Amino acid sequence: MPTSSSNSRTKRALLHPRAWPSWLGVWLILALGRLPFPVLWALGSVFGRLAYLLAGSRRLVARLNLERCFPDLGAAERERLLRAHFGWLGVAAFCQGIVWSASRARLARLVRLRHRERIDACIAAGRPVIVLVPHFVGLELGGAAFTALVHSGVYMYQKIRNPVVDHQVKRARRRFGSLSVERQDDLRALVREIRRGTPFFYLPDQDGGRRGIFVPFCGIPASTVPMLGRFAAMTNAVVIPTFPRFLPWGRGLELTFAPPLDDFPSGDPQLDTARMNRVIEACVRDTPDQYFWVHRRFKTRPPGATPIYPPKRKKRNHG
């Protein structure tokens, strides 16, 4: 629980003049969120295509990811996919104001829930649920729609360095009753909440570092945190893969609930984690331009393996 002194420090940081530019950015994002969705789609698509030209390092990371995950595609087709991906990144960025402020009624108009009965049946039966949500660009809007239209949830949260943005993101995610648990917190509270029937949003498909295990993702050994099976075993939860997808031409977003994983967990962390990656990979291949390719998914390599990405440039110390 935050102490009164930490709350006081947070309040001072939010009101400090150094925070004013960040507040201006937040208000601009909220203002953009009031625009019609097709307008945001058009603006975001143009902005994303421009970002493709300017974001050299991220463009390189995404290109290297696509080369390894889609070796069967020609170079021209992968480049087309890369440009489309940056367009969708722009759409997601311009939709952030909707995520932060849209009413339930507006979210219901914008987001289509496919096969909702799969998760409604589990919630109605009081069955603990883990919502397995990979990193697609529509993740934030899909999460807002879930908490507004289906059920409030609990999620793990990584503190953002900018206190204004951190405050706004937490406020937005909690406005429909969701709870946050910081990654450094005691996870026993998270387990208790899942057992009580609060759906747990689990986003497992980022580089797991040295605490991960190596299982295939698109045929490449990928460091992956082996926690999905453990969470499911500890809570007796059913795992429902859930995939957000922006619809073309500004028609909104589709949030699809896949069938629950059967015979899961197996009790073998290697098998369970590999199965999770196969489920994610299948959806990535179905909607490849909306997966979060700018992340260094294969940053951690098996011992002796050649690095995939060039080393990051160190920032110069001007002091």
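The values are calculated or read from the model by the stated rules, or taken from the named source; none is laboratory data. Every value quoted in this text rests on a predicted model; they were computed, and no experiment measured them. Every residue, glycine as well, gets a Cβ built from its backbone with ideal geometry; the counts of neighbours run over all protein chains shown. In case anyone asks, the SASA skips ligands and DNA or RNA and just uses the protein heavy atoms, side chains included. Shrake-Rupley method; radii C 1.70, N 1.55, O 1.52, S 1.80 Å.
Some observations on this one:
- Separation of alpha-carbon centers, segment 69-129 and segment 252-301, rounded to whole Å: 14 Å
- In the chain, Cα pairs under 8 Å separated by at least six residues give a relative contact order of 22 percent.
- Packing-based ranking of 178-185, 299-306 yields 178-185, 299-306, ordered from highest to lowest mean Cβ neighbour count within 10 Å.
- Placing a label point 7 Å from the Cα of residue 108 along the Cα-to-Cβ direction, the residues of segment 233-255 whose backbone N falls under 17 Å of that point are 253, 255.
- Distance between the modelled labels on residue 124 and residue 83, one decimal in nanometres: 4.8 nm (7 Å Cα→Cβ projection).
- When the solvent-accessible area of the chain is split by element, carbon and sulfur atoms take up 57 percent of it, the probe being 1.4 Å.
- Summed over the residues of the chain and divided among them, the accessible surface reaches 52 Å² per residue at a probe radius of 1.4 Å.
- Over segment 144-258, the fraction of Cα-Cα pairs per 5 Å bin, rounded to whole percents and listed from the shortest bin up, is 2, 9, 15, 19, 21, 18, 11, 4, 0.
- Helical content of the chain, expressed as a calculated mean residue ellipticity at 222 nm, amounts to -15000 deg cm²/dmol (DSSP H runs of 4 or more residues, -39,500 (n - 2.57) each, divided by residue number, nearest 500).
- Estimated distance in nm for a label pair at residue 46 and residue 263, the labels positioned 7 Å out from Cα along Cα-to-Cβ: 5.4 nm
- Across all directions, the average flat footprint of the convex hull enclosing the Cα atoms of the chain is 18.4 nm².
- Length-normalised contact order of segment 25-132 in % [C-alpha pairs under 8 Å, at least 6 apart]: 41 percent
- Contour excess over end-to-end distance, with Cα ends at residue 11 and residue 313 and 0.36 nm allotted per residue: 105.3 nm
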